[in-house]
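Read through the structure below, which is laid out as structure tokens, and then see the notes.
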Amino acid sequence: QVQLVESGGGLVQAGGSLRLSCSASGRTFSRDGMGWFRQAPGKEREFVAAINWSGSSTYYADSVKGRFSISRDNAKNTLLLQMNSLKYEDTAVYYCAGRPPAGNIYSPAGYAYWGQGTQVTVSS
């Protein structure tokens with residue numbers, strides 16, 4: 001089993017940047033797809049970004065395309081999410097998650113293991 005721990009969340013003004021990290025331990029995650037989701041109060045968990053096992057393919061929600069960038073370092077068992085030009089509506093708890101190869105990239109149901117989440121708050 002893989003354990004995931006997110007870090008890097010915090011309070012930032014609109015227009016600012018944050019970089020989230022997700023550190024994996026346990027078995028290697030290098031053959032799994034990885035993703036970031038977020039959940040705002042009173043809303044369902046939504047897809048933000050995903051990356052395939054090698055890092056050669058990335059996927060983004062329309063709402064973050066051009067502002068967020070997902071990457072991974074398999075040698076360091078680390079997943080990253082660089083968030084630029086942050087908006088108030090980006091405020092949420094952000095979760096990293098691991099997906100077996102056949103899992104749905106865009107749905108939380110496609111992911112087999114999750115971190116505990118990190119809070120991102122963007123002030124307007």
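The values are calculated or read from the model by the stated rules, or taken from the named source; none is laboratory data. These numbers were taken from a predicted model, which means no experiment stands behind them. Here Cβ is always computed from backbone atoms with ideal geometry, including for glycine, and neighbour counts include all displayed protein chains. These area figures cover heavy atoms from the full protein model, side chains too; ligands, DNA and RNA do not enter into them. Shrake-Rupley method; radii C 1.70, N 1.55, O 1.52, S 1.80 Å.
In the set (1) more than 16 Å from residue 112 (Cα to Cα); (2) part of a strand (DSSP E or B), the condition left unmet by residue 50 is number (1).
In the stretch 9-44, the qualifying residues are those that are in a loop (DSSP other than H, G, I, E, B) and open to solvent by 80 Å² or more (accessible area, probe 1.4 Å), and the one that is farthest from residue 65 (Cα to Cα) is 27.
Just one of (1) among the β-branched types (Val, Ile, Thr); (2) under 15 Å from residue 4 (Cβ atoms); (3) open to solvent by less than 10 Å² (accessible area, probe 1.4 Å) fails for residue 78. It is (3).
For beta carbons closer than 7 Å, sequence separation of 6+ or different chains, a first residue in the stretch 50-69 that is of a type in the set (Lys, Arg) and a second that is at pLDDT 95 or above and open to solvent by 50 Å² or more (accessible area, probe 1.4 Å), the qualifying pairs are 67/84; 67/85. Considering only residues of the stretch 72-103 that are over 16 Å from residue 19 (Cβ atoms), in a loop (DSSP other than H, G, I, E, B) and modelled with pLDDT of 95 or more, which is nearest to the chain's Cα centre (by Cα)? Looking at the filtered set, the residue picked out is 91.
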